[in-house]
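Visitor: I'd like to ask you about the structure that follows.
The values are calculated or read from the model by the stated rules, or taken from the named source; none is laboratory data. Just so we're clear, the structure is a prediction, and the values are computed from it rather than from any experiment. Glycine gets a Cβ as well: all are built from the backbone with ideal geometry, and neighbour counts include every protein chain shown. These accessible areas exclude ligands, DNA and RNA; they are computed on the full protein's heavy atoms, side chains included. Shrake-Rupley method; radii C 1.70, N 1.55, O 1.52, S 1.80 Å.
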Amino acid sequence: MPQKQKSKSWTELKQTGNECFKTGQYGEATNLYSQAITELEKSSKKNPEDLGILYSNRAASYLKDGNCGECVKDCNMSLELFPFNVKSLLRRAAAYEALERYRQAYVDYKTALLIDCNIAAAHDGTNRMTKVLTETDGLSWREKLPPIPAVPLSVREKLAQKTTANAAQLNPTPKQNGTNDTKKPAPSDKDIKKAQTLKEEGNALVKKGEHKKAIEKYSQSIKLNPTEVTAFTNRALCYLSVKQYRDAVRDCDESLMIDSGNIKALYRRAQAHKELKDIKACVDDLNNLLKVEPKNTAALKMLQEVQKKK
């Protein structure tokens, strides 16, 4: 058993866990979040919301490692402590989806949308689950769903206040490139529509083989709506085509922060890692993809190819 780092506070342990998570050290991140949970539970200044976030962070590590059962348990705990936490709902939904518990996954994706209708991963997940459930249960699939919880108005109001506060903080400061931690205000309906048009223009350019011009369109689209996962995965495809493999990896990272089980992002990041000769990272991505979609022939084929090179 690893020794508890008593000299470190729960906030320091959490921060170190976050850094490990960002660099793909999910096992170490899990260990650090566990230590942070223990320290915070012992603290006299224990805050349920802080504890809920720690459980949610550990759930994300479990999800990345393919430990979906533990991810669900941690999300359950997180949502008890911090009800209607969107990240916990999305992580549990992705775990349920990987476990083929599609009805529960649908309910979580739908609940996330009731809280914030701009979440691209929740839209995509709801659409996927609708398709799967229609195929398995027929047109009456909605009748077999568990109840979808009613989201209190106070939860939506709190989110709106947070968005407004974030917008106020962002406006006076110059824009920084490549910062994932900076929270952006939710895009307006007008921006979402314009972003969609730009993305479609990018798609048309890809069909013509004009990948560099398509990258410009996707970049403009992302600037207006940074929550649209397909703009990132499409731009990653273009970066692969023009051999900008590190840029492709970054776009796939962004996609997977929005939708942790995105097949295209996992596959394209695996392609980029393969070209960068990072075989371990490539194999990890393919294995994670195959947990979500075990019969994906392209992933199975690439896995065979790269394992021969090991």
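Visitor: Ratio to report: Rg/Rh of the chain, with Cα atoms as the point set and Rh obtained by the Kirkwood method; give two decimals.
Guide: Values: Rg = 20.0 Å, Rh = 20.7 Å.
Reported Rg/Rh, Kirkwood definition of Rh: 0.96.
Visitor: Hey, another quick one. Nothing charged except the Cβ atoms of Lys and Arg (+1) and of Asp and Glu (-1): what's the magnitude of the dipole of the chain about its Cα centre? Round to the nearest 20 debye.
Guide: Working: 53 positive and 39 negative charges, 128 e Å.
In debye, rounded to 20, the chain gives about 620.
Visitor: For a quick protection proxy, order the peptides 41-53, 238-250, 207-219 by their average other-Cβ count within 10 Å, most packed first.
Guide: Working: 41-53: 13.3, 238-250: 18.7, 207-219: 16.7.
Going by the mean number of other Cβ atoms within 10 Å, highest first, we get 238-250, 207-219, 41-53.
Visitor: Over every pair of different alpha-carbon atoms in segment 34-159, take the mean of 1/r and invert it; report that Kirkwood radius in Å.
Guide: Details: mean 1/r = 0.0661 Å⁻¹.
Across segment 34-159, the inverse of the average 1/r is 15.1 Å.
Visitor: Also, I was wondering about something else. What is the local net charge at Lys144, summed over the other residues whose Cβ is closer than 11 Å to its Cβ (Lys, Arg +1; Asp, Glu -1)?
Guide: Numbers: positive: Arg103, Arg142; negative: Asp137, Glu143.
Around Lys144, the charge tally is 0.
Visitor: Within the set Lys217/Lys264; Lys22/Lys193; Lys144/Lys301; Lys217/Lys280; Lys131/Lys308; Lys217/Lys274, which residue pairs have Cα atoms separated by over 28 Å?
Guide: Lys22/Lys193; Lys144/Lys301; Lys217/Lys280; Lys131/Lys308
Visitor: Taking all protein chains in place and a 1.4 Å probe, what share, in percent, of the accessible surface of the chain do carbon and sulfur account for?
Guide: Working: 8810 of 17270 Å².
Looking at the chain in its full context, I get 51 percent from C and S.
Visitor: Taking 7 Å along the Cα-to-C-beta vector as the label spot, tell me the Ser9-Val306 distance in nanometres, rounded to one decimal.
Guide: The answer from the label model is 4.0 nm.
Visitor: How do the peptides 55-61, 261-267, 22-28 rank, highest first, by the average count of neighbouring beta carbon atoms within 10 Å per residue? Display every interim value, and only then the final one.
Guide: Values: 55-61: 26.0, 261-267: 23.3, 22-28: 14.4.
Top to bottom by mean Cβ count within 10 Å: 55-61, 261-267, 22-28.
Visitor: For Glu143 paired with Lys243, estimate the spin-label separation in nm (one decimal), with each label point 7 Å from Cα along the Cα-to-Cβ line.
Guide: It works out to 5.9 nm between the two label points.
Visitor: Can you give me the relative contact order of the chain as a percent, contacts being Cα pairs under 8 Å and 6 or more apart? Working shown, then result.
Guide: Working: 384 pairs, mean separation 29.6, N = 310.
Value for the chain: 10 percent.
Visitor: From the residues Ala204, Gly261, Ser34, which one has its Cα farthest along the dipole of the chain in the positive direction, the dipole being from +1 and -1 charges on Cβ of Lys/Arg and Asp/Glu about the Cα centre?
Guide: The residue sitting most towards the positive pole is Ala204.
Visitor: For the peptides 279-286, 113-120, what is the packing order when you average, over each peptide's residues, the other Cβ atoms within 10 Å and list the highest mean first?
Guide: Working: 279-286: 19.9, 113-120: 17.5.
Ranked from most to least packed, the peptides come out as 279-286, 113-120.
Visitor: Would you be so kind as to identify which of Asn85, Asn47, Asn18 lies farthest towards the positive end of the dipole of segment 1-114, taking Lys and Arg as +1 and Asp and Glu as -1 on Cβ and the Cα centre as origin?
Guide: Asn47
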